[in-house]
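Structure record follows, encoded as structure tokens.
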Amino acid sequence: MKIDYDTAASAYARFRQANPRILERLIQIGRIDERSRILEVGSGSGNYAIALTELTGCKCHGLEKSEGMLAKARERTDAVAWAQGDAQALPYPDKMFDFLFCVDVMHHIPKPDRFLDEAFRVLQADGCLCIVTDSEWTIRNRTPLSLYFPATVEEELKRYLPLDRLKELIVDSGFSYVEDELVELPYDLETADPFREKAFSCLHLISESAFQEGLAALSSALSNGPLPCIARSALLRATKKKGGKSLRQTRFTRR
């Protein structure tokens, strides 16, 4: 099933928020300050790009493919340099950015190797790449998503690259020092509205009966009070080493 993100933009803008723990790690890893030149790929309705700009004063660019998502971001601020475009063909010159990141985007990119090659190209030497995504473990242990909507698990596993394979692709694009960590944020869920409005793309991929059954169970559980939950993500970071070259492009050239 193809998801219409232009239509989903309103729900995303209403219910999706920047994870403060991820924001903290992005600032630390990227050493972001007012001199930093930042690119967020797949910026959606603008949560992370706007937050980083407000917190650090950095010069942030936000690239988004969905015109509906981009419209929501532009309504919020013009302090970020918003642009419409494809992650697989970044509309920026070589070596423009110090730090490039994406959050919950990799599973939407049909050719991740092309994106990673492009990320390598637009980062300056010693620039940093940060990818926030999900592993098989975080997908299976999403609370409350996988607990109340278990049909989403297999659908998500079809979309996400295994972390080891993603690391290989990052290295093939010329990056070095690839590391990963688990980022966790405990929180209390007080309403089922984000799920009712399908503010998570995987809810568009399951049957209506599975969705309604999960929503009913979640709503019933919330009738007894807030639910303790944990937001979990896998964070990968890598560096564009001086003199580094894309192994993938080198192999292609040799042919």
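The values are calculated or read from the model by the stated rules, or taken from the named source; none is laboratory data. Please read all numbers here as calculations on a predicted model, not as lab measurements. Virtual Cβ from ideal backbone geometry, glycine too; neighbours counted across all protein chains shown.
Specify the residue that is nearest to TYR177 (Cα to Cα); the eligible residues are those in segment 23-65 that are over 14 Å from the mean Cα position of the chain (by Cα) and either modelled with pLDDT under 95 or in a loop (DSSP other than H, G, I, E, B) (or both). The selected residue is ARG31. SER176 satisfies every condition listed in (1) assigned to a helix (DSSP H, G or I); (2) closer than 28 Å to ILE29 by Cα; (3) over 18 Å from the mean Cα position of the chain (by Cα) except (1). Scanning segment 195-242 for residues that are at positive phi and touching a residue at least 12 places away in the same chain (Cβ under 8 Å) gives a single hit, LYS198. Being within 16 Å of LYS167 (Cα to Cα), out of contact with any helix residue (DSSP H, G or I) (no Cβ under 8 Å at 6 or more places or on another chain), in contact (Cβ under 8 Å) with a residue 60 or more places away in the chain and not in a helix (DSSP H, G or I) is the filter here; which residues of segment 105-138 pass it? The answer is VAL105, and nothing else.
Being surrounded by 16 or more Cβ atoms within 10 Å (Cβ to Cβ) and either touching a Gly at 6+ places or on another chain (Cβ under 7 Å) or modelled with pLDDT under 95 (or both): is that true of PHE99 here? The answer is yes for PHE99.
State whether one or more residues within segment 5-22 are in contact with a strand residue (DSSP E or B) (Cβ under 6 Å, 6 or more places away or on another chain), surrounded by fewer than 21 Cβ atoms within 10 Å (Cβ to Cβ) and at pLDDT 95 or above. Looking through segment 5-22, at least one residue is in contact with a strand residue (DSSP E or B) (Cβ under 6 Å, 6 or more places away or on another chain), surrounded by fewer than 21 Cβ atoms within 10 Å (Cβ to Cβ) and at pLDDT 95 or above. Among all residues of segment 77-85, there is none that is over 16 Å from the mean Cα position of the chain (by Cα), closer than 21 Å to GLY174 by Cα and buried (at least 17 other Cβ atoms within 10 Å of the Cβ). Restricted to segment 23-38, and to residues there that are under 30 Å from LYS158 (Cβ atoms) and touching a helix residue (DSSP H, G or I) at 6+ places or on another chain (Cβ under 7 Å), the residue that is surrounded by the most Cβ atoms within 10 Å (Cβ to Cβ) is LEU26. For ASP193, state whether it is out of contact with any strand residue (DSSP E or B) (no Cβ under 7 Å at 6 or more places or on another chain), buried (at least 17 other Cβ atoms within 10 Å of the Cβ) and acidic (Asp, Glu). So ASP193 does not fit the description; no.
Only one of the numbered conditions (1) of a type outside the set (Gly, Ala, Ser); (2) free of Cβ contacts under 8 Å to residues at least 60 places away in the same chain; (3) within 24 Å of SER220 (Cβ to Cβ) is not met by PHE149, and that is (2).
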